[in-house]
Amino acid sequence: MSSLYSTLDKHWLWKEVHTKLAISSPAYSYWNDTRHIKLGRYVFIEKNTLPARYAHIQEELTDLSGYLPTQYAATQLGIDNHIFAYKKMRLYNQFEYTFVNGIKFVNIKRFFLENGIKITKNSYVHLARLDDLIITPDCRFYRVDDAYGVVVYD
């Protein structure tokens, strides 16, 4: 597994693929050479593993490098999903969003890079209010704004 923000760098959203190709939803499960991952309730197909007759669609698909579905991102960051849901939330504008087939994705990579947050593939990341964070000697702390911070445990 790679860093949290590069999880989808090599994947396409299956819902987008099967919608654009007008094929049945479980078709990927019958393609032996097509690898996939599941994040929450969404399936992602590895790039360049589609059957040859469907490979032409890859040029039209949305590149999700650096993005994660909001629900999955919230779970991985140890926060509630509402932080990505409402524009009135304090951190909402700190993130970049995109919609693909009605699914909201958040650009975690941009947020990490802009705030200088460094993570490895085994890091546990916790985003929370400063009062709720537990800072230990073996972690790294990053202040996001006056009220929020990120702690990275390696």
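Below is a table of values for the structure above.
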read-out: Label-point separation in nm, residue 85 to residue 146, each point 7 Å along Cα→Cβ; value: 2.6 nm
read-out: Heavy-atom accessible area ranking, 1.4 Å probe, most first, across 121, 104; value: 121, 104
read-out: Per residue solvent-accessible surface (Å²) - the chain, probe of 1.4 Å; value: 57 Å²
read-out: Aspartates and glutamates whose Cα lies under 19 Å from that of residue 47, excluding same-chain neighbours fewer than 8 positions away; value: 9, 16, 33, 59, 60, 63
read-out: Portion, in percent, of the accessible area of region 17-80 that falls on carbon or sulfur, probe 1.4 Å; value: 45 percent
read-out: R0 of 22 Å, Cβ-Cβ distance residue 31-residue 6: FRET efficiency to nearest 0.05; value: 0.35
read-out: Label-point separation, residue 21 to residue 101 (7 Å along Cα→Cβ), nm; value: 1.1 nm
read-out: Solvent-accessible area, 1.4 Å probe, carbon plus sulfur percent, for region 86-154; value: 49 percent
read-out: Cα pair distances in region 46-126, grouped into 5 Å bins until the bin that holds the longest one, percent each; value: 3, 13, 20, 23, 15, 11, 8, 5, 2, 0
read-out: Flagged links, alpha-carbon separation over 20 Å, of 15/38; 10/38; 10/104; 38/88; 20/87; value: 38/88; 20/87
read-out: Cross-link partners of residue 118 among lysines (Cα-Cα below 18 Å; sequence separation of 8 or more within a chain); value: 109
read-out: Relative contact order (%) - region 12-107, alpha-carbon pairs under 8 angstrom, separation at least six; value: 24 percent
read-out: Rg to Rh, two decimals, where the chain supplies the alpha carbon set and Rh follows Kirkwood; value: 1.03
read-out: Karplus (6.51, -1.76, 1.60) ³J(HN,Hα), θ = phi - 60°, over region 139-146, in Hz, Gly and Pro reported as x; value: 10, 10, 10, 10, 8, 8, 7, 4
read-out: Net length gained if the chain between residue 62 and residue 93 were fully extended (0.36 nm per residue, minus Cα distance); value: 9.0 nm
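The values are calculated or read from the model by the stated rules, or taken from the named source; none is laboratory data. Treat the numbers as computed from the prediction; the structure is a model and nothing was measured. Because the Cβ atoms are built from the backbone with ideal geometry, glycine has one as well, and the counts that use them run over all protein chains shown. For the accessible areas, the whole protein counts, side chains as well, though only heavy atoms, and no ligand, DNA or RNA atoms are used. Shrake-Rupley method; radii C 1.70, N 1.55, O 1.52, S 1.80 Å.
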